[in-house]
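What follows is a set of notes on a single structure, which appears directly below.
Read-outs throughout are calculated quantities, based only on the coordinates presented, and are distinct from any laboratory measurement. In this text the structure is predicted, and so the values were computed from the model without any measurement. Neighbour counts are summed over all protein chains in view; Cβ atoms, including those assigned to glycine, are modelled from backbone coordinates with ideal geometry.
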Amino acid sequence: MQVLDGIQKGNKMNHKNHHHTGLDKLFRYAEVLRFGDFHVKFDHKTGLRAIIAVHNLKLGPAIGGCRLIHYHSTDKAVEDALRLAYMMSFKSAISNLPHGGGKAVLMKPKEIKDRRAYFEAFGDFVNELGGRYITAMDSGTSEKDMDIIATRTPFVTCTSASGAGGDPSPQTALGVRRGIEACLQFKFNKNDLKDVHVAIQGVGHVGYYLAQELAARGARLTVCDVNEMNLQRCVKEFGAAVCPPENIYDVAADVFAPCALGAVLNLQTIKRLRVPIVAGSANNQLAHHHHGALMHERGILYAPDFVINAGGIIYVAAVYDHADQNQAFKQVEDIYFNIMQIFERSARENLPTNEIAEMMAIERLR
């Protein structure tokens, strides 16, 4: 499904037809992505500006994180919510979860004067949807925030009351490590990580835990991050080499692991890559759908992001659904086999791995 193609065409149309409103653009986005619900909330008392996108409910109530970051414009926040919720539908479907895809985006103000009141207001917003959307931790939000939300709605996970720790980052990292192992097995017939050189872009939450997983199994690491403390932690604990963020694409390594922002794989950066494998935790890594084909043509094995980074949602869904935790951990481990299945089908049909993964998810959704 040419999702980003459709969005970009919509943007071009918007430039040509200046009379189109922001609402017109929103509906075009929603149509391209085959959306269900889109909800907006503004709370004057707390300054909350929240968007909840519910993409698909066919497999069950939508589940997805609550992201609190600065956005340059409302359009950017809307686009982020739509794309992320869409990918959450695919992530849940490819992982055989009884959930649809949703996402909450909170437009971070310059100052949150009362964080408790702010997240209470967001909890009320979630509750108004009556269970259509289940919220969870994401960039900029914490277990404490989820605890506050839980005082206003039962439709939340990643709380301290879950009994397993609210942060899903370690489980996401575990799944990514298993995905990297699948890449190495498929590409090189190598069944361990010893002396494998991995260049990690971003060593915050998931990136740090991924570095930990890899280093414990003998991998060599080169890392970059805009946060100096994150870098020094990896140097001290794992003996990682450090490079400037702008140079990470030029590192000669076995694996490039994008674990920070999305849309980092574009025409320019793919040409610079000096790796045979791309496998990381970031969402929406491809700046454009057809960039997966570009890597396929170059012989770079790409682990589709919504498959390899599904460990976190598998974990938080299991906590929310009161499912067997041991079974959930097994399911995270089995990301290895999901990735292998995609690679094998990609090889048979000579199609990019991202296209194969999307086809498989759509097959399950339909």
Response to the item:
Among L26, I356, L184, the residue whose Cα sits farthest towards the positive end of the charge dipole of the chain, when +1 is placed on the Cβ of each Lys and Arg and -1 on the Cβ of each Asp and Glu, is L26
Fill in: Contact order normalised by residue count of segment 33-162, Cα under 8 Å, 6+ apart, percent
28 percent
Fill in: Proximal lysines to K330, defined as alpha-carbon separation beneath 17 angstrom and excluding residues fewer than eight positions away on the same chain
K91
Worksheet item: If you put +1 on each Lys and Arg Cβ and -1 on each Asp and Glu Cβ, how big is the dipole of segment 169-365 around its Cα centre, in Debye rounded to 20?
Response: 420 debye
Worksheet item: Shape of segment 33-162 from its Cα gyration tensor (a ≥ b ≥ c, root eigenvalues): rounded if a/c is under 1.5, otherwise prolate when a/b > b/c, or oblate?
Response: oblate
Discussion item. Let me make sure I get this right: for segment 216-260, a, b and c are the square roots of the gyration tensor eigenvalues over alpha carbons, sorted descending. Under 1.5 in a/c it's rounded, otherwise prolate if a/b > b/c, else oblate. Which is it?
Written reply: oblate
Item to complete: Would you compute, from DSSP H runs of 4+ residues alone, the mean residue ellipticity of the chain at 222 nm, taking -39500 (n - 2.57) per run and dividing by the full residue count, rounded to the nearest 500?
Response: -14500 deg cm²/dmol
Discussion item. Going 7 Å from the Cα of Q268 along its beta-carbon direction, which residues of segment 287-317 have the amide nitrogen within less than 17 Å of the resulting point?
Written reply: 287-288, 291
Response to the item:
Counting only residues 5 or more apart in sequence or on a different chain, those whose built amide H sits under 5 Å from that of V278 are F256, L301, Y302, A303
Discussion item. Show me, for segment 254-262, the HN-Hα J-couplings you get by feeding each phi into the Karplus relation (A = 6.51, B = -1.76, C = 1.60, θ = phi - 60°), rounded to Hz, glycine and proline as x.
Written reply: 7, 9, 9, 10, x, 10, 10, 7, x
Worksheet item: How high is the relative contact order of the chain, in percent, counting Cα pairs under 8 Å that sit 6 or more residues apart?
Response: 15 percent
Worksheet item: Taking a ≥ b ≥ c as the square roots of the eigenvalues of the Cα gyration tensor of segment 216-366, is the shape rounded (a/c under 1.5), prolate (a/b larger than b/c) or oblate?
Response: oblate
Worksheet item: Looking at the chain, what % of its DSSP beta bridges pair antiparallel, to the nearest 5?
Response: 30 percent
Worksheet entry | Proximal lysines relative to K113, as straight alpha-carbon distance under 21 Å, when same-chain residues fewer than 8 apart are discounted | K41, K45, K144
Response to the item:
With +1 on the Cβ of every Lys and Arg and -1 on the Cβ of every Asp and Glu, the dipole magnitude of the chain about its Cα centre, in debye rounded to the nearest 20, is 580 debye
Response to the item:
With 0.36 nm assigned to each residue of separation and the Cα-Cα distance removed, R115 to R364 gains 85.7 nm
Worksheet item: Among the trypsin sites (Lys or Arg not before Pro) within segment 119-212, which fall in a DSSP loop and have no more than 10 other Cβ atoms within 10 Å of their own Cβ?
Response: K194
Fill in: Residues whose placed amide H lies under 5 Å from that of S95, excluding near-sequence neighbours
none
Worksheet item: In nm, what is the difference between 0.36 nm times the number of residues separating Q185 and E333 and their Cα-Cα distance?
Response: 51.8 nm
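Check every DSSP H run in the chain and write down those whose alpha carbon atoms cover 24 angstrom or more along the long axis and whose mean Kyte-Doolittle hydropathy is 0.0 or greater.
Membrane-span-like by this rule: 74-94, 169-188.
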Response to the item:
Bridge orientation stat for segment 33-162 from DSSP, antiparallel percent rounded to 5, came to 55 percent
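Can you compute the FRET efficiency between K45 and K76 using 1/(1 + (r/R0)^6), with r the Cβ-Cβ distance and R0 = 35 Å? Round to the nearest 0.05.
Taking R0 as 35 Å, the efficiency between K45 and K76 is 0.90.
So for segment 169-365, averaging the separation of alpha carbon pairs under 8 Å that are six or more residues apart and normalising by length, what relative contact order in percent results? Show your work: numbers first, answer last.
Values: 373 pairs, mean separation 45.3, N = 197.
The value is 23 percent.
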Practice prompt. Could you list M340, M87, M360 in order of exposure, starting from the residue whose Cβ has the fewest other Cβ atoms within 10 Å?
Written response: M340, M360, M87
Item to complete: Under a 10 Å cutoff between Cα atoms, tell me which one of D24, D147, D80 has the largest fluctuation in the Gaussian network model of the chain.
Response: D24
